[in-house]
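Following: one structure in structure tokens, then a few remarks.
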Amino acid sequence: MKLILATPEKAHKFAEIFKHLKNIMDEINIIFRPEHIYMQGMDNTHALLFEMILEKEWFDDYEAEEEDIFGLHCTIFFQIINCFKDNQTIELSVKPMDDYLTITFVGENQIRKTFQMTRIEMESDIMNIPEVEYEADICFASNEFSELIKETSIFNDTINLKCTEENIKMIASGTLGKMTAIISENDIIMFSIEEECDLDLNYTLGFLDKICGFSKLNNEILIHCSEESPMKIQYNLDETKADSEEEAKSYCRFFIAPKISDD
């Protein structure tokens with residue numbers, strides 16, 4: 001397997017993924033397939049699931065003749081990728097079942113640097129994520145959603161999300177106070193909800209805060225909610241827009257289990 005990232009914007013996004021993934025999990029399997037890279041993993045509470053696909057077309061060059069699963073340490077991999085500088089090309093290569101992933105940085109009039117990461121043997125069971133017809137679909141500007149999550153965390157570690165045809169409410173309350181954000185359809189990029197649907201869900205703010213760390217991947221963040229399914233949050237990594245009928249082929253997704261009320 002060999003892949004090359006020469007486009008600066010995509011190289012920085014690639015680094016950004018691992019910068020924040022290390023805050024969710026220590027190790028992950030990266031699966032090199034002929035058609036794409038795939039990653040999936042859960043945090044240690046098993047309440048937050050991460051999934052990523054990068055299609056072969058997303059890279060400037062991509063060669064993979066057969067599937068190879070390479071276990072890597074997220075922090076070490078980010079520290080290596082973070083050595084990337086502007087005007088450099090990132091090259092990743094590994095031979096099937098080889099013990100090392102080779103990462104090389106090449107740039108004109110710059111020192112060529114090569115790193116080798118040792119393969120970690122991990123369980124490679126991949127969860128089957130079912131397709132779900134969500135009751136509410138929301139698209140925020142990524143920076144605005146991040147701001148709301150930080151503000152609601154002032155009073156509690158849980159956010160109450162209410163969605164109706166009239167508006168969206170994000171509420172956090174505690175013994176020292178309460179914060180409520182009332183969001184209309186005109187305040188955000190997109191909002192659709194099933195007729196007469198009334199969602200009342202609770203989620204752990206710490207998970208949402210970690211997901212907001214990935215906000216540089218896209219100016220838009222897609223959020224999908226249903227009463228009976230985990231919340232799905234997605235950053236598209238291709239040019240697909242929220243109001244497009246076309247499905248994104250390259251993306252980072254997160255699934256958060258709802259928090260059960262103590263009441």
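The values are calculated or read from the model by the stated rules, or taken from the named source; none is laboratory data. All values derive from a computational prediction rather than experimental measurement. All Cβ positions, even for glycine, are placed from backbone atoms using ideal geometry, and neighbour counts span all protein chains on display. For the accessible areas, the whole protein counts, side chains as well, though only heavy atoms, and no ligand, DNA or RNA atoms are used. Shrake-Rupley method; radii C 1.70, N 1.55, O 1.52, S 1.80 Å.
At 0.36 nm per residue, and after removing the present C-alpha to C-alpha distance, how many nm does the segment from D125 to H46 gain when stretched out fully? Going from the current span to full extension adds 27.0 nm.
Between C197 and N219, what length in nm is gained on full extension when 0.36 nm per residue of separation is reduced by their alpha carbon distance?
On the way: separation 22, 0.36 × 22 = 7.92 nm, distance 2.79 nm.
Going from the current span to full extension adds 5.1 nm.
Highest mean packing comes first when the peptides 202-214, 39-51, 138-150 are listed by Cβ atoms within 10 Å, giving 202-214, 138-150, 39-51. On the beta carbon distance between F115 and K241, with R0 = 30 Å, the FRET formula returns roughly 0.25.
Could you state the accessible area per residue of the chain in Å², with a 1.4 Å probe and every protein chain left in place? Numbers along the way, then the final one.
Details: 13820 Å² over 263 residues.
Normalised by residue count, the accessible surface of the chain is 53 Å².
If R33, R112 are ordered by their accessible area, calculated over protein heavy atoms with a 1.4 Å probe, which sequence runs from highest to lowest?
On the way: R33 55, R112 150 Å².
Order by accessible area, largest first: R112, R33.
With r defined as the distance between the Cβ atoms of T164 and I260 and R0 fixed at 25 Å, what FRET efficiency is calculated, to the nearest 0.05? E(calc), rounded to 0.05, equals 0.70.
With the gyration tensor restricted to C-alpha atoms of the chain, the semi-axes of the equivalent ellipsoid amount to 36, 19, 18 Å, longest first. With Cα atoms defining each centre, region 193-211 and region 137-177 are spaced 9 Å apart in the structure. Under 5 Å between amide hydrogens, built in the peptide plane, is the criterion, and for I120 it picks out G71, L72 among residues at least 5 positions away or on other chains. What the phi angles of region 34-43 give under the Karplus curve with 6.51, -1.76 and 1.60, with θ = phi - 60°, is a coupling list of x, 9, 5, 9, 10, 9, 8, x, 10, 6 Hz, glycine and proline written as x. The string of couplings for region 138-143 from the Karplus curve (6.51, -1.76, 1.60, θ = phi - 60°) is 10, 10, 9, 5, 4, 5 Hz, one whole number per residue in order, with x for Gly and Pro. Spacing of the modelled spin labels on E9 and E67, each 7 Å from Cα toward Cβ, amounts to 3.2 nm.
Each residue of region 200-208 was assigned a 3J(HN,Hα) from its phi angle through the Karplus curve 6.51 cos²θ - 1.76 cosθ + 1.60 (θ = phi - 60°); the sequence is 9, 10, 10, 9, 6, 5, x, 5, 5 Hz, with glycine and proline shown as x. Compute the angle between helix 8-21 and the longest alpha-carbon principal axis of the chain, please, reported from 0 to 90 degrees and rounded to the nearest 10. Approximately 60 degrees, to the nearest ten. Label-to-label distance for M190 and E55 is 1.6 nm, based on points extended 7 Å past Cα in the beta-carbon direction. Ordering of 14-25, 160-171 by packing is 14-25, 160-171, highest average first (other Cβ atoms within 10 Å, averaged per residue).
What order do you get for 175-184, 71-80 when each peptide is scored by the mean count of other beta carbon atoms within 10 Å, highest first?
On the way: 175-184: 12.0, 71-80: 18.1.
Highest mean packing first, the order is 71-80, 175-184.
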